[in-house]
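A quick write-up on the structure given underneath.
The values are calculated or read from the model by the stated rules, or taken from the named source; none is laboratory data. Treat the numbers as computed from the prediction; the structure is a model and nothing was measured. Neighbour counts run over all protein chains shown; Cβ positions are idealised from the backbone, glycine included. The area values use the complete protein model at the heavy-atom level, side chains included, leaving out ligands, DNA and RNA. Shrake-Rupley method; radii C 1.70, N 1.55, O 1.52, S 1.80 Å.
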Amino acid sequence: MNIILIAPPAAGKGTESEKLIKDYALAHISTGDLLRKAINDNTPLAREINNCIEKGELVSDDIILKLIENRILEDDCKRGYILDGFPRTIAQAEKYDEMLEKNNLSAGYVFVIDIEKELAKSRIVGRRSCPKCGRVYNVSFEDSMPKVENTCDDCKVELIRRKDDNEESFEKRFEVYLNETAPLIDYYEKKNILYHINGNIDKEERHKQIKDIIENS
Ligand code: AMP
């Protein structure tokens, strides 16, 4: 079983992925996480990626497609995987379809997490993550806070804030979502594999919506 998650920034793609991984033993492929790891290298490519992320712009399709093509063929993806943050454009979706066909795979489910812009913005302000395991917390919401202030419950290391989790980058990322990524809704609706999920509600309820679809279809 493969899953694609489409959503604006801070709609809960990362948190939802964690829950789906636990329930269905899927591999997690977050292009944002892969790129954030890649920027630690001291190369021109790393600087180019860093620049795009900080500005809230998309990284070039060539870079992304190479990352994905290698990753989906790794052993842990054989049982199924979640794509969190890919595809982000129609061009990426078309190339991904070609990859699927070439490797005899299917796209699986596509879930769009719909969320009000103002709620997404308020989530950005409090979002923190663990630099070791990637677990995401939100210090603005009681049900998503770490048990000990600013510390990962699992790894006990200090939480960090993403460089692009500020209002200016958020505005750009939201605009990019509407212009570049939202057209994918129509693309996957035509293939009859797309489901809308309400992201304005509690994360457990949101997860239940997704599980119900998977288990009843
Ligand atoms: P995310 O963690 O999904 O919010 O992604 C963070 C940033 O990484 C985005 O704002 C883009 O700069 C970049 N990025 C992530 N996924 C992609 C993608 N599929 N295509 C292009 N850029 C991406």
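Tabulated data
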read-out	value
Enumeration of residues in segment 1-25 that are open to solvent by 10 Å² or more (accessible area, probe 1.4 Å), not small (Gly, Ala, Ser) and not in a helix (DSSP H, G or I)	1, 2, 9
Tally of residues being over 17 Å from residue 182 (Cβ atoms) and in contact with a strand residue (DSSP E or B) (Cβ under 9 Å, 6 or more places away or on another chain) across segment 97-114	3
Residue within segment 107-123 that is basic (Lys, Arg), open to solvent by less than 50 Å² (accessible area, probe 1.4 Å) and in contact with a Leu (Cβ under 9 Å, 6 or more places away or on another chain) present	no
Residue in segment 179-200 that is more than 16 Å from the ligand (Cβ to nearest atom), free of Cβ contacts under 8 Å to residues at least 24 places away in the same chain and part of a helix (DSSP H, G or I) present	yes
In segment 35-56, residue nearest to the chain's Cα centre (by Cα) [restricted to those that are open to solvent by 50 Å² or more (accessible area, probe 1.4 Å) and either within 27 Å of residue 109 (Cβ to Cβ) or near the ligand (Cβ under 6 Å from one of its atoms) (or both)]	36
Residues of segment 85-127 classified as assigned to a strand (DSSP E or B), within 23 Å of residue 57 (Cβ to Cβ) and touching a Phe, Trp or Tyr at 6+ places or on another chain (Cβ under 8 Å), total	2
